Structures are given as structure tokens and as C-alpha cells.
Amino acid sequence: MIVSGMLLTDPDRPPAPGWLRIHDGRIAELHETGDRPPDDQQHVGGPNRLIVPGFIDAHNHPPQFDVIGCDGLSLLEWLDRVVYPVEIWWGRGAAAQMMRHAISAMLSQGTVGFAGLFTSHGQSAHEAVNQILRRPRLRALVGRIAMDRNAPDALTAEDHWRANHTPRPSVTLPDAENDRVGISVNPRFAPACSEELLAETGWFLQENPGAFLQTHLAETGPECELVKTLFPEDRDYTSVYDRFGLLTPRSLLAHCVQLTDPEWDLIAERGSVVVHCPTANHFLGAGLFNFDAVREREIRFALGSDIAAGPDVSMPRVACAMIDTTKMRQATVAPHAHIPTPAEAWRQITEGNADALGWTDSGRLRTNAWADLLLLRVPESWYDEFLVGRLIYNWSPAIIEHRIVAGDLADPATI
């Protein structure tokens, strides 16, 4: 397949006219020239189309796409009254249908890859992975959640069952990885995990140094206070994870709103990835994420929608929320706060998030990268120095003319 138009290979530079050829799901050739592309192959695009990488969401919950907008609750109340019931439903046979809905919703907004957490049900997680492997094959880092306390029995039963077996079944899903789907180990968060379960997770990471971990850290004040009562011997929340060996360069730590300076320093020392979820932080009143702490310590960083605490599937709008958060901090508590440019935000939701997930061949337009692309039709007046800002702040799926996933045209309406 040939895709032609204006290539946005670098959000800091104007797009250049050109074309690319797709073969076996990847970009086989890329030409930033005005030369006419070959006309003997399937061809999409044209001179007035904009070609961009598809978006990567570094943190969401596929089981929660049906409970977006359940407002007016604190985090812990919201988990009890909204999230845990829908996750129980997922585990009772709804996983395949709900996964299809999540894939359609993401693809509709131009998301072609994501890091997501399922529920604690192993069989349902396998069913969800099988849905992801069907066309269109979104790229994914996913896995079952591990949890064994402070939640309904229907969500903790599987980890209690595992703990009583010898040899103990794996805390993650075995034999499920391939070139488009990776499997992570996912302790939900410290309040939902016993010391034994956290220790098991740490042993798994030690025995599998290439494995990714996804979890939540220091989202709200009451959550942090609960952690103090559950783990009184630890200095702080982050130290709990560190004691069990959960802070590695492949650990994705969602939220990190309520961290102290020593906790930021520890995360930097361990090389873990902080996943900022601005729309979720706003929705649950968690606070203003300290982006300057990340920049000053050169902490690895990613950006996530955190559906369903985050109410917006669109990664460009999540990027806007990141910019808005820093503007609010600058206007209130940090007058010298760094405000990301639209180009920084755009890079984050494409190659930046891909790099954080270990996908150095995704989220960018270059030869040998996966052909996960969007072909946009935007007004001619947008082609100026403010193009990327216009894309982010005016984002609508209506401007997407074609979605290309692993080299194939994809229509969210057919999923």
C-alpha cells in the first residue's frame, strides 16, 4: 500500500510533502519529497492529506470503558461503587464484548496502541487478549490485575486460590506474548495487595527481568493515608513498592500526584516510568501533577487516559489536559513551572509513550517502524506554524479519513 500526503515526521518542524510504502505491516519506504509515488499499488491519501503516527495510550482500563462519567465520588468510594462492580461483570462473561467496545472506542479516536489493565480474572484476560489479536491488531501491553484484599471476594478469589496451590500458578498470564501484544504483571495498588502478593510480584520480576509492571501510586491523599496504616514500617508509599523490588526500569507507575521529594528521588534512582493521567486527576480531584519534579530529575515519563477515571478516550485531549495542568500550577503554586509546548505534548502521545512501553518501532514515521498511522483531512488554514496546536486543541475523530493499523486499513465501526 502507498500512502501519500504531508508527512509530519517531527512535530517541531512543518510537515513535508511525500509518501510511504507499507509492506508486511511496516513502513518499507519513506520519501519526504514531492516526487510522484508509484501508481501500480493500492493508494490512499493525496497532496492535501496529513499523515501522522497513531496515538499511544500509556495507561487505561478496558473493563471500565462503560462506566465513564460516574462522577461525584472520591477514589476509594469510586472503586467500591463503580469500578469493582463492572470488573466483576467483566469476569462473569462480558470480557470479549467489552474488549471489542474498548478497541472500537480507542481506534475511533486514533489510538493504535495502549498499556491496559484487565481484571483479576485469568480466563477473562485470555479472552480479552484473543480479541486484541483479531484485526485490527492494536499494539498492546496488558495483563490481569493481581489483588487479594480490600475488595469483593469475586475480585480477590483468584489470587487467594493461587496462593493455596503448590506449585503456585504464575501471577501473570503465561504464553500469551507475540509481536503485537506483551503481557505485564499488575498489582492493582498497595491497598489491594498483601505483603505476600507484593513479594510474589517482586520475585516474578527478578526471575523475568524483561517483564513490565503496571500499577498505581500515590493518586490521592486518603489512599496514601491508608497505605500508612497498612504498611507502617515503610517510610512512604513508594518505599513499599521498593521494598518488594517493584521499582524497575520497566515499571509503569500511574498518577504519582501525592509524592514527596524523597519519593521522586527514589523513582529517579530506580529508572521507573511515571505515567501522568491528567484527565483522571481532574475528574477525581486528586491534585495537580508536578511535571517539574519529573523534568528536574530526568524521570522517564508517559501519558495515559486512565479510562474510566479519565473521562476522555482521545489522547490529543489528554495532551491538552497535561498542558492545562502545568498552566494551573504556574498560576497558583509554581510561578516558574514549565509549560509543555503543543509539539512536546504531541511527541509524548506518539513516540514518547511508545518509548516508555519499550516500543521503539512504534509511534513514529520512519522506515521499519510499524505502519500504525492516521491520514487526516484538515483545513488548509491549519498549515502554519500553529499546526500541531491546532490539531491538539481542535481534535475530533471527524478529521480522520483513514486509520491504518499494522499496515491494514481499519474501521472502528466494523469491530
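Return the whole-Å distance between the Cα centroid of the range 375-408 and the Cα centroid of the range 87-115.
Answer, in whole Å: 24.
Given R₀ = 41 Å, what would the calculated FRET efficiency be for residue 28 paired with residue 96, taking r from the Cβ atoms and rounding to 0.05? Before the final figure, lay out the partial values.
Working: r = 34 Å, r/R0 = 0.82.
The computed FRET efficiency comes out at 0.75.
Given a Förster distance of 30 Å, report the FRET efficiency between residue 384 and residue 324 from their Cβ-Cβ distance, rounded to the nearest 0.05.
According to the calculation, E is roughly 0.85.
For the range 306-415, which trypsin sites (Lys or Arg not before Pro) are both in a DSSP coil and crowded by at most 11 other Cβ atoms within 10 Å? Spell out each step's value before the answer.
Values: sites: 317, 327, 329, 347, 364, 366, 377, 390, 403; in loops: 364, 366, 377.
Answer in residue order: no site qualifies.
With everything on Cα atoms, drop me the angle between helix 195-207 and the longest principal axis of the chain, reported from 0 to 90° to the nearest 10.
50
What ranking do 147-155, 249-257 get when scored by the average of other Cβ atoms within 10 Å per residue, highest first?
Highest to lowest by the protection proxy: 249-257, 147-155.
How far apart, in nm, are two points set 7 Å out from the Cα along the Cα-to-Cβ line at residue 76 and at residue 393?
Distance between label points: 4.0 nm.
Please tell me the relative contact order of the range 338-415 in percent, rounded to the nearest whole number, where contacts are Cα pairs under 8 Å and at least six residues apart. All intermediate terms of the calculation are to be shown ahead of the outcome.
Values: 67 pairs, mean separation 22.2, N = 78.
Relative contact order of the range 338-415: 28 percent.
Please report Rg (one decimal) and Dmax (integer) in Å for the Cα set of the chain.
Every Cα atom of the chain included, Rg and Dmax give 21.1, 69 Å.
Taking the Cα centre of the chain as origin, sum charge times position over the Cβ atoms of Lys and Arg (+1) and Asp and Glu (-1), and report the length of that vector in debye to the nearest 20. Can you show the working numbers first?
Details: 35 positive and 54 negative charges, 150 e Å.
Around 720 debye, computed over the chain.
Would you mind giving the three semi-axes, in whole Å and largest first, of the ellipsoid equivalent to the range 123-175 according to its Cα gyration tensor?
Details: eigenvalues 129, 35, 14 Å².
Output for the range 123-175: semi-axes of 25, 13, 8 Å.
Every read-out reported here was derived from the displayed coordinates using simple, explicitly stated rules and does not represent laboratory data. None of the values given here were measured: they were computed from a predicted structure. Neighbour counts are summed over all protein chains in view; Cβ atoms, including those assigned to glycine, are modelled from backbone coordinates with ideal geometry.
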